[in-house]
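A.B. asks: One structure is given below, represented as structure tokens, and several questions about it will come after.
The values are calculated or read from the model by the stated rules, or taken from the named source; none is laboratory data. This is a predicted model, so every value here is computed, not measured. Every residue, glycine as well, gets a Cβ built from its backbone with ideal geometry; the counts of neighbours run over all protein chains shown.
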Amino acid sequence: MRLFLIFLLGFLLAACTKPEPLYDTQSYVFGTLVDISIYGETQERAQEVSNQIIGDFQELHNRLHAWRPSELKTLNDEFSRDNTPVTIAPDIAAMLSDATKLSIQSKGAFNPAIGGLIEAWGFHQDEFHPLKVDEVKIKNLVQANPQMSDIVIENGKVTSNNPAVQLDLGGYAKGYALDIALASLRKQGVKNALVNIGGNIIALGQHGEKPWRVGIQHPRKPNAIATLDLESGWAIGTSGDYQRYFELNGKRYCHIIDPTTGYPVQGVQAVTVLISPQSNAGTLSDVASKPIFIAKPESRAEAAKVMHVEYYLVIESDSKILMSAAMAKRLTWLDTVAAKHATSAQP
């Protein structure tokens, strides 16, 4: 996923008379850019910690891949065949249980069980091309109504009560990885860091004497339209139509699919959520934006409330911006045109 939450550092570097104790490394995992910034450690120490975290990310990505050989694909294959119970690792079982709870909380809007729909739209591949969707197949998949609650976990083994269940944790794994990274940084004694996985970001400590600062970029503009300070333990994430998509007959089809219709969501370009410190802040930064993205305009505030999201910002397809009153108070606008298109309301 293209990076649409930009880490802003330039303003801190101008007055420096000696190199800043900041180590920054980038890699490519989960199909997106990963950026880890560590402040206040030696380069050797920061590099060691960063490499370990990136290695953990790569291992998790390999285990959760939806269409290449992985632990997750093994589950999907059994679900669609004879549903033989599959033994899974404890952490995978915990992820599935957590994702199920969040899916139920979202009233099914966040639904990792619709991997079949995601595949039918051509998003189970590394490159996306226009396709004429099989409308009958989409209708049948929607009618089959795969849900996370169809999954049964007993004694470390997994089965499904619905053969249409096909797991895709693409809307969960990056956020989960942020929580793992934050725990790892703390365990290793790192005090100040910023971890960015394709626009899902979590902060630890601060950047010198100031909080970490991130920018929110409009999906159709090259620069940040606003910034906000990200205090320690806070996470921010964006879901958008700007990276995993294809265009057909002048219409954009993105990878965020409404489980009730089986079709990609229209009318929204991006949804950004800001999550206060909690044990699963990273996970929520990934998950909680989806129900808001999928909701009808008149229901977005309710969708945010259901997911306990106080801070959110929605960029509509006509570039109008809707945000919660709490989010409006956190932003510093850089783009006066975007600011004029922004309105706020209570969540």
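A.B. asks: On the given criteria, is Trp121 surrounded by 13 or more Cβ atoms within 10 Å (Cβ to Cβ), free of Cβ contacts under 8 Å to residues at least 60 places away in the same chain and closer than 23 Å to Asp258 by Cβ?
C.D. replies: no
A.B. asks: At pLDDT 95 or above, of a type outside the set (D, E, K, R), surrounded by 23 or more Cβ atoms within 10 Å (Cβ to Cβ) and in a loop (DSSP other than H, G, I, E, B): does that describe Val273?
C.D. replies: no
A.B. asks: Take the residues of region 238-247 that are part of a strand (DSSP E or B) and aromatic (Phe, Trp, Tyr): which is nearest to Ile201 (Cα to Cα)?
C.D. replies: Filtering first and then ranking leaves Tyr245.
A.B. asks: Would you please name the residue that is modelled with the highest pLDDT, looking only at residues in region 248-263 that are part of a strand (DSSP E or B) and surrounded by 22 or more Cβ atoms within 10 Å (Cβ to Cβ)?
C.D. replies: Ile257
A.B. asks: Identify, from the list Ser184, Ser160, the residue that is farther than 19 Å from Ile294 by Cβ, touching an Asp or Glu at 6+ places or on another chain (Cβ under 6 Å) and not aromatic (Phe, Trp, Tyr).
C.D. replies: Testing whether each residue is farther than 19 Å from Ile294 by Cβ, touching an Asp or Glu at 6+ places or on another chain (Cβ under 6 Å) and not aromatic (Phe, Trp, Tyr) leaves just Ser160.
A.B. asks: Just need a number here: residues in region 69-104 that are among the basic types (Lys, Arg) and either at pLDDT below 95 or in the same structural domain as Ser289 (by TED's automatic domain parsing) (or both).
C.D. replies: Within region 69-104, residues that are among the basic types (Lys, Arg) and either at pLDDT below 95 or in the same structural domain as Ser289 (by TED's automatic domain parsing) (or both) number 1.
A.B. asks: What residue, of Ala89, Ala144, is more than 25 Å from the chain's Cα centre (by Cα), surrounded by fewer than 18 Cβ atoms within 10 Å (Cβ to Cβ) and small (Gly, Ala, Ser)?
C.D. replies: None of the other options fit; the residue is Ala144.
A.B. asks: While we're on this one: Looking at region 279-321 only, could you name the residues that are in a loop (DSSP other than H, G, I, E, B) and either closer than 22 Å to Lys221 by Cα or of a type in the set (D, E, K, R) (or both)?
C.D. replies: Lys296, Glu310, Ser317, Asp318, Ser319, Lys320
A.B. asks: Could you list, in sequence order, all residues of region 183-203 that are crowded, with 23+ Cβ neighbours inside 10 Å and either without any contact (Cβ under 8 Å) to a residue 60 or more places away in the chain or assigned to a strand (DSSP E or B) (or both)?
C.D. replies: Scanning region 183-203 gives Ala193, Leu194, Val195, Asn196, Ile197, Asn200, Ile201, Ile202, Ala203.
A.B. asks: Does Tyr176 qualify as being of a type in the set (Ser, Thr, Tyr), under 23 Å from Ser27 (Cβ atoms) and in a loop (DSSP other than H, G, I, E, B)?
C.D. replies: Criteria not met by Tyr176.
A.B. asks: Pull up region 334-345, narrow it to residues that are surrounded by fewer than 16 Cβ atoms within 10 Å (Cβ to Cβ) and out of contact with any Ser or Thr (no Cβ under 8 Å at 6 or more places or on another chain), then point me to the one that is farthest from Gly267 (Cα to Cα).
C.D. replies: Ranking the candidates gives Thr336 first.
A.B. asks: OK, next. Across region 134-153, which residue is nearest to Ala94 (Cα to Cα) among those that are outside any helix (DSSP H, G or I), in contact (Cβ under 8 Å) with a residue 12 or more places away in the chain and out of contact with any Leu (no Cβ under 9 Å at 6 or more places or on another chain)?
C.D. replies: Going through the qualifying residues, I end up with Gln147.
A.B. asks: Against the condition surrounded by 23 or more Cβ atoms within 10 Å (Cβ to Cβ), touching a residue at least 24 places away in the same chain (Cβ under 8 Å) and more than 23 Å from Tyr242 (Cα to Cα), how does Ala164 come out, does it pass?
C.D. replies: no
A.B. asks: Now for a separate question. Report those helices (runs of 4 or more DSSP H) wholly inside region 20-122 carrying at least 1 residues which are of a type in the set (Asp, Glu) and closer than 17 Å to Gly282 by Cα.
C.D. replies: 43-64, 90-105
A.B. asks: Please state which one of Lys107, Lys137, Lys132 is assigned by TED's automatic domain parsing to the domain that holds Pro69, surrounded by fewer than 17 Cβ atoms within 10 Å (Cβ to Cβ) and at positive phi.
C.D. replies: Of Lys107, Lys137, Lys132, the one residue that is assigned by TED's automatic domain parsing to the domain that holds Pro69, surrounded by fewer than 17 Cβ atoms within 10 Å (Cβ to Cβ) and at positive phi is Lys107.
A.B. asks: Would you confirm whether or not region 222-237 contains a residue that is within 26 Å of Ala99 (Cβ to Cβ), part of a loop (DSSP other than H, G, I, E, B) and modelled with pLDDT under 95?
C.D. replies: Scanning region 222-237, I find no residue that is within 26 Å of Ala99 (Cβ to Cβ), part of a loop (DSSP other than H, G, I, E, B) and modelled with pLDDT under 95, so the answer is no.
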